[in-house]
Amino acid sequence: MNGWTGQRLKVYLSEGRIVPEAVPPELMLNYLGGRGLNSRTLYDELKPGVDPLGPENIFMVAAGPLNGTAAPSTSRWTVSAKSTVTGGLGDGNGGGDFATELKFAGYDQIIFYGKSPGPVYLWIENGQAALRDASHLWGKTTRDTTYQLQRELKDPPVRVLCIGPSGENRVRLAKVFSNITRTGGKGGMGAVMGSKNLKAVAVRGTGPIGIARPADFLAAVKRSCDILKNSRFFQMFSQQGTMYLIRLHGSLNDLPVRNQQEGHFEGWEKIAWEAFRDNYLVKNKGCCACPVACGHYYRVKEGPYATHGESNEYGTTYPLGAKCGIDNLPALLKMNSICDMLGLDTHSTGNTIAFAMECWQRGLLTPGDTDNIDLSWGNADAVIELLPRIAYRQGFGAILAEGSQRASRQIPGSEVCLRTTKGMEVSALFMGPAQNVVQALAYATATRGADHLRGGVILPAFGTPPLLRAMGSQGAMERLLKEPRSIEGKGVLLALDQDFASLMDSLQVCCFITGGLRKGLFPDDLAGLFSAATGVEMSGDDLLQIGERISNVEKAFNIVHAGNRRKDDTLPAIFFEERETPYGHVGLNERDFQAMLDEFYRFRGWDSEGIPTREKLAGLGLNDIAERLYNG
Amino acid sequence: MQLMEITPASCTGCRLCELVCSLAHEGECSTALSRVKILRDEEFGHHLISVCWQCAEPYCVDACAYGVLSRDEESGVISVEENLCTGCGDCIAACPVSALSLNEDRNIVFKCDLCGGSPECVQVCLRGALALKEVDPASSGRKSSLEEASRLVKQYRESPEPDERRADR
């Protein structure tokens, strides 16, 4: 088969042993790669009851069949392990060049077992791999680690996947980084790497990726670029990236302000795209093969927040900005740079600090608890002071380093300040009057805990043939958007959305070029690219079924490892508190939510507790999972 | 004549051009086999674009002792006569913008041929960092741009690590 390399590495860190092997073809055909390949491997290999930060957890990084090809926006890599936050599935999806280079070097997946006796990094060069001492890298930032490895390997294009100091210190807010600032790994994937004494993976590859039908593939690539170029969404997104959301939600009073207590943020324009563009933008940055190039290099030239960096996303300006009541854009850029260098997730970190700020507001935390740091809303300097304390687990920072759910156990009465689902913070949701209720369902049911990237938010399935078929008519489908507060059909939309997201993360296509509102590629377009590249003929429906299979495997993982049931597919109480505000009716009716959840389970073929039925699992070729769920 | 013009300030470093180039020429995707090369600057965005300028007075043609390289007067394109190439690398060393590469498996040099007049890379560069333009390769403007590009390539070779003081390359 073309596209895939068909090879993977099993790295036994405790013994320092590396075993190359072929990826079983049925895994490639049924799970594609990336997230799907990792999730199935995790389900197969991990025993229940494993400590996520212990040596029995496994850590994986995987590419997909389209990484390294010219299919647009196929830069993504997926890191996976048991989550240090939810105890269920943990993974993350990042961009840059790492996955491309891994493919060029000859591998689709790396699986790390055990724990190295001392700090190491894995060096891969064109089919050769070795573990090397990383004592000299331990303690270094993501930037310094990357440059140091490029220097000593004497090859600047060497690509580095690494953790910062926060990952080394097993901070549950730590992510994994490539290309210095491209990141993925909610649920503390960086902490899992750190727990294994694995500082980095450095890779250099010069091999080609075989293409089954080159002329057809080139034509499909150009057709994809044309679809993108002519989409209005692309035109906005290729300039503003995720920053376009601030104007959208700010003007609708739908921002998650002061830990989601309010939706109106008086200072939203100060942190919106226009303010960024006029003062701090250097230029756009593209991940490998991506014509969208939604990232941005930025620079704050002078003053207390002087900094430079990349990727100021909504993932910075919502959790660290609106959620903490901060409208100081240069300070937010400084925080973004600090998080990137220390290896912290801006989402979870911002959310955890917002939780602490609400504790402060309610008098549950006082200066004596916080090392005299004033946690008043909007205090940007306090956040900047806290970030290194979290990364190095110093003082009050050590409490926050555990994430809000665990921090709450040490702050009596603070449960009311939590905004978590399955232990994971609900990052950007506010149930304002214009908010589509499907987003609430998405955060409640995502497989890695509250999540903005698994359906609901970007609505990848909207407009696709399967959704149209399920809804029965164009009009019925359009009502899903035109009537954001109506509940009918939302469970169907979300199920298909989630399966599409599973598919994208497994082909390793960025979600910003796919589906939703015809802003990008639909499953059939992806099938055209996939079939021409690999020579494996599949339709869009076939690919979506793979997405559904992956969604079900992940659900099964969460049932087996985290005991997930219906009660876990929910939201914090504040989202169900209906109230009138100067900006309209806020909150979601809980009965409406439960009705949506019923529809979602029904459409999925899951029972009322959210457990996949035997029939559903059999239909997806998952009889082994049915056996385990029903016969132990 | 219609030749390639590069605008590094518009380059986002995505390298889709490299993957499409090798796909069109070699039938597989490989940045190592691409005729256009992007060297990314992760930190400041000063990416380097390395591709043949199709010089009016080409250094590579002068450097080749075997007459492998020649310039077509009408199209302006400099092409490689693969049968004659010994893979000695003299042309690669002579090029001021590092636009020629060696195919190590076949031991021959390869370079941009403008895809016969409609470069595939230009079609997928939605930012316009690569563009096909009507230019006079012998004009003084083109020559001074080439000198500037050459200076930046040299600077990169000597010190590849990102430096915020640099200009776009």
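Couple of notes before you dig in:
- For A:LYS115, the aspartates and glutamates whose Cα falls under 14 Å of its own Cα, not counting residues fewer than eight places away in the same chain, are A:GLU15, A:ASP51, A:GLU56, A:ASP133, A:GLU168.
- Sorted by Cβ neighbour density within 10 Å, fewest at the top, the residues B:SER144, A:SER116, A:SER231: B:SER144, A:SER231, A:SER116
- For region A:148-226, a crude dipole built from +1 on the beta carbon of Lys and Arg and -1 on the beta carbon of Asp and Glu, taken about the Cα centre, is about 200 debye to the nearest 20.
- Spin-label proximity, A:GLN128 to region A:137-167 - amide N less than 11 Å from point 7 Å beyond Cα toward beta carbon: none
- For region A:249-311, trypsin sites (Lys or Arg not before Pro) are listed when DSSP marks them as loop and at most 12 other Cβ atoms sit within 10 Å of their Cβ; the list is A:LYS301.
- Partner lysines for B:LYS133 [C-alpha distance under 18 Å; skip if fewer than 8 residues away on the same chain]: B:LYS143
- Cα→Cβ-extended label distance, 7 Å offset, between A:ASP524 and A:LEU248, nm: 2.5
- Chain B: angle of helix B:16-26 to the longest principal axis, Cα-based, in degrees nearest 10: 20
- Counting every other Cβ atom within 10 Å of each residue's Cβ, A:LEU496, A:LEU375 order from fewest to most as A:LEU375, A:LEU496.
- Summed over qualifying helices (DSSP H, 4 residues or more, each -39500 (n - 2.57)) and divided by its residue number, chain A shows a 222 nm mean residue ellipticity of -11500 deg cm²/dmol.
- The trypsin sites (Lys or Arg not before Pro) of region A:151-248 that DSSP puts in a loop, and whose beta carbon has at most 14 other beta carbons within 10 Å, are A:LYS154.
- Qualifying GluC sites (Glu not before Pro) in region A:207-269, DSSP loop, other Cβ atoms within 10 Å at most 16: A:GLU266
- Going from the fewest other Cβ atoms within 10 Å to the most, the residues B:SER159, A:SER166 appear in the order B:SER159, A:SER166.
- Prolate/oblate/rounded label for region A:585-632 (Cα gyration tensor, a/c 1.5): prolate
- Counts of other chain beta carbons within 10 angstrom of each beta carbon in peptide A:215-222 average 3.
- Gyration tensor (alpha-carbon) shape descriptor, region A:155-255, a/c threshold 1.5: oblate
- Dipole moment magnitude, nearest 20 debye, region A:527-609 about Cα centre, only Lys, Arg, Asp, Glu C-beta charged: 200
- Neighbour net charge for A:VAL50 - beta-carbon separation under 11 angstrom, K R +1, D E -1: -1
- Projecting the Cα positions of A:THR570, A:VAL586, A:ILE559 onto the charge dipole of region A:555-594 (unit charges on Cβ atoms of Lys, Arg, Asp and Glu, taken about the Cα centre) puts A:ILE559 furthest along the positive direction.
- Summing charges over all other residues whose Cβ lies under 11 Å from the Cβ of A:VAL120, with Lys and Arg as +1 and Asp and Glu as -1, gives +3.
- Whichever aspartates and glutamates have a C-alpha closer than 12 Å to that of A:LYS616, once near sequence neighbours (fewer than 8 apart) are set aside: A:GLU548, A:ASP607
- Shape of chain A, Cα gyration tensor, a/c cut at 1.5: rounded
- Assuming charge only on the beta carbon of Lys and Arg (+1) and of Asp and Glu (-1), the dipole of the protein assembly as shown about its Cα centre is about 1040 debye to the nearest 20.
No value in this document is a laboratory result; all are computed from the given coordinates. Everything numeric here is computed off the predicted structure, so don't read it as measured data. As a convention, Cβ positions derive from the backbone with ideal geometry for all residues, glycine included, and neighbour counts pool all protein chains shown.
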